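Quick notes on the structure that follows.
The values are calculated or read from the model by the stated rules, or taken from the named source; none is laboratory data. Since this is a predicted model, take the numbers as computed values, not measurements. A quick note on method: Cβ atoms are made from the backbone with ideal geometry, for glycine too, and the neighbour counts reach across all protein chains shown. For accessibility, only protein heavy atoms count, side chains too; no ligands or nucleic acids. Shrake-Rupley method; radii C 1.70, N 1.55, O 1.52, S 1.80 Å.
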Amino acid sequence: MEEFSEYKGANNIERQVNSVQELNKILLPSDMHIIHLNVRGLKSNHSNVEVLIKNMDIKPDVIVCSETWNLEFHHLYNIDMYKTYYNKGSINKADGVVIYVKSSLMQETKTEEIGSCKILTTTIKTVNDSYIKISGLYRSHDITKENLIKDFYKYLVRSKKIKNHCIVGDFNIDILKSDNNSTTFLTNLLEAGYIPYFS
């Protein structure tokens with residue numbers, strides 16, 4: 001867990017930082033904060049996630065953890081002041097997404113299936129009575145890139161009318177490669193009206 005990504009509310013800013021100290025310098029209390037962590041096994045790294053959150057001056061509103069591995073008893077991996085949701089990913093042992101949402105937030109969380117992939121989505125009512133939808137995804141290597149891209153495009157088309165939608169996760173697609181998969185993946189996002197904030 002060397003990098004943290006932060007999505008900043010209506011300004012749509014993503015930043016990657018290399019330390020909690022650096023993260024604490026950029027977070028403002030008036031913004032909504034979404035953190036994505038590829039945890040590579042929540043059973044073995046849950047305490048690291050707790051330490052990270054404990055050391056953050058401003059607690060994130062939503063924490064999306066991808067590659068959680070299978071969690072038979074996901075309630076054992078709660079974090080104080082957060083509700084815990086799990087997509088029950090079962091494609092292989094590395095599959096899984098967990099979303100932690102601050103208990104004080106009004107929200108609805110559900111799992112949306114696209115092909116073999118389970119997207120965990122939470123929709124949060126913000127202070128000004130608007131909504132933001134946050135979708136967390138992990139593409140297991142057992143799902144081919146081609147199948148994910150095809151199924152994910154259908155999901156993007158279905159979701160494009162949503163005004164505030166943040167999709168985070170680990171797609172396991174190298175967008176720095178100039179191959180057909182990377183180009184199609186990015187083109188699909190743009191055609192559906194999404195702006196990629198990753199590099």
Exercise. Excluding residue 40 itself, calculate the net charge of residues whose Cβ lies under 10 Å from the Cβ of residue 40, where each Lys or Arg counts +1 and each Asp or Glu counts -1.
Key: -2
Exercise. For residue 21 and residue 73, calculate 0.36 nm times their separation in residues minus their Cα-Cα distance, and state this gained length in nm to one decimal.
Key: 15.5 nm
Self-check item: Per residue, the convex hull volume that the Cα atoms of the chain enclose (Å³)
Solution: 114 Å³
Quiz item: With the contact rule set at Cα under 8 Å and sequence spacing of 6 or more, what percent relative contact order holds for the chain?
Solution: 15 percent
Exercise. Over all directions, average the projected area of the Cα convex hull of the stretch 82-160 and note it in nm².
Key: 5.5 nm²
Exercise. Considering only protein heavy atoms, with the full assembly of protein chains and a 1.4 angstrom probe, order 190, 23 by accessible area, largest first.
Key: 190, 23
Practice problem: First select every other residue whose beta carbon is under 10 angstrom from the beta carbon of residue 105; then total the charges, Lys and Arg +1, Asp and Glu -1. | Solution: +2
Quiz item: Taking all protein chains as present, what is the carbon and sulfur share of the accessible area of the chain, in % to the nearest whole number, probe 1.4 Å?
Solution: 49 percent
Quiz prompt | Neighbourhood charge, 12 Å Cβ-Cβ cut-off, centred on residue 157 and excluding it, Lys, Arg +1 and Asp, Glu -1 | solution = +3
Quiz item: Distances over 12 Å make up what percent of all Cα-Cα pairs in the stretch 30-80?
Solution: 65 percent
Quiz item: Which whole-number value in Å² is the accessible area per residue of the chain, probe 1.4 Å?
Solution: 53 Å²
Quiz item: What is the extension gain from residue 58 to residue 30, computed as 0.36 nm multiplied by their sequence separation minus the C-alpha to C-alpha distance, in nm to one decimal?
Solution: 9.1 nm
Quiz item: Expressed as a whole percent, how much of the Cα-Cα distance distribution for the stretch 43-124 exceeds 15 Å?
Solution: 56 percent
Self-check item: Efficiency of FRET from Cβ geometry, residue 92 and residue 150, R₀ 25 Å, rounded to 0.05
Solution: 0.80
Quiz item: Which whole-number percent is the relative contact order of the stretch 138-199 (Cα, under 8 Å, 6+ apart)?
Solution: 40 percent
Self-check item: Net length gained if the chain between residue 197 and residue 180 were fully extended (0.36 nm per residue, minus Cα distance)
Solution: 4.1 nm
